[in-house]
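What follows is a single structure, written as structure tokens, with notes after it.
The values are calculated or read from the model by the stated rules, or taken from the named source; none is laboratory data. Owing to the predicted nature of the structure, the values given are computational and were not obtained by experimental measurement. Methodologically, a virtual Cβ is constructed for each residue, glycine included, from the backbone with ideal geometry; neighbour enumeration extends over all protein chains shown.
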Amino acid sequence: MTFLEQMSEVFTYNNMRFIFEGVLLTLYISFFAIVLSTIFGTILAIMRNQNNQILKWLAATYIEIVRNVPNILWIFVIFLIFRLKSVDAGVVSFTVFTTAALAEIIRGGLNSVNPGQIEAAQSQGFSSGQILWYIVLPQAFQNMLPAIISQFVTVVKDTSFLYAVIALQEMLGKASILMGRYTATSQVFVLYGLLAVIYFVINYSISSFARYLAKRNKQVR
């Protein structure tokens, strides 16, 4: 069989649709994980910045425990203990792990806000909640948005763990199933190459957008 014939067996409509389904599942898990992580990470960051020692301790404990345990272990534990469907386990495990990472990024954003603006708001009679909602959070998110978007790249790449741990057929899982159908080295190599290109295009696009936002923020300042 010639090289072109081998490639024609790989690049069929059904094969490309099969991989594209994995791409959509990867993006689905990554999107919901990053959205939920941003919400929960913001709550943890606010808790850790409070004067209340109990709230601060709870947030710090969660962050330190989760951050220092590999994500692949969280996937395994959440899938087995809570008996979730594979997709749900993927979203939950990545939310749990990414929340801890984003909490520290968001805390840095909260601390980057000029204290003078907070003091000025207090002198105008703003409550703590109003200061946080109208002054601190908008500026903090503007400062840390590039870092949050960059974290999306890590989530997209790490979804490949899901196939290895719980056999979820995301992008890598779909490609691995196709690889099992072919024996020619060139066909397997091309499938790996296609997978690498897809990961690169997705993550480079996200990284480029993050760099654009960071550059725009500098220009605004």
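When L132 is tested against (1) farther than 15 Å from L44 by Cβ; (2) at pLDDT below 85, just one condition goes unmet, and that condition is (1). Residue-level check: of (1) hydrophobic (A, V, I, L, M, F, W, C); (2) outside any helix (DSSP H, G or I); (3) surrounded by fewer than 16 Cβ atoms within 10 Å (Cβ to Cβ), L84 misses just (3). Of the residues making up region 23-77, those that are of a type in the set (A, V, I, L, M) and either touching a strand residue (DSSP E or B) at 6+ places or on another chain (Cβ under 6 Å) or in a loop (DSSP other than H, G, I, E, B) (or both) number 1. Pairs linking a residue in region 188-202 that is without any contact (Cβ under 8 Å) to a residue 40 or more places away in the chain and more than 16 Å from S8 (Cβ to Cβ) to a residue that is of a type in the set (S, T, Y) and surrounded by 14 or more Cβ atoms within 10 Å (Cβ to Cβ), with Cβ atoms under 7 Å and 6 or more positions apart or on different chains, do not occur.
Of all residue pairs spaced 6 or more apart or on separate chains, those with beta-carbon atoms under 7 Å, a first member in region 67-94 that is more than 16 Å from D158 (Cα to Cα) and modelled with pLDDT under 90 and a second member that is β-branched (V, I, T) and assigned to a helix (DSSP H, G or I) are L84/I78; L84/V92.
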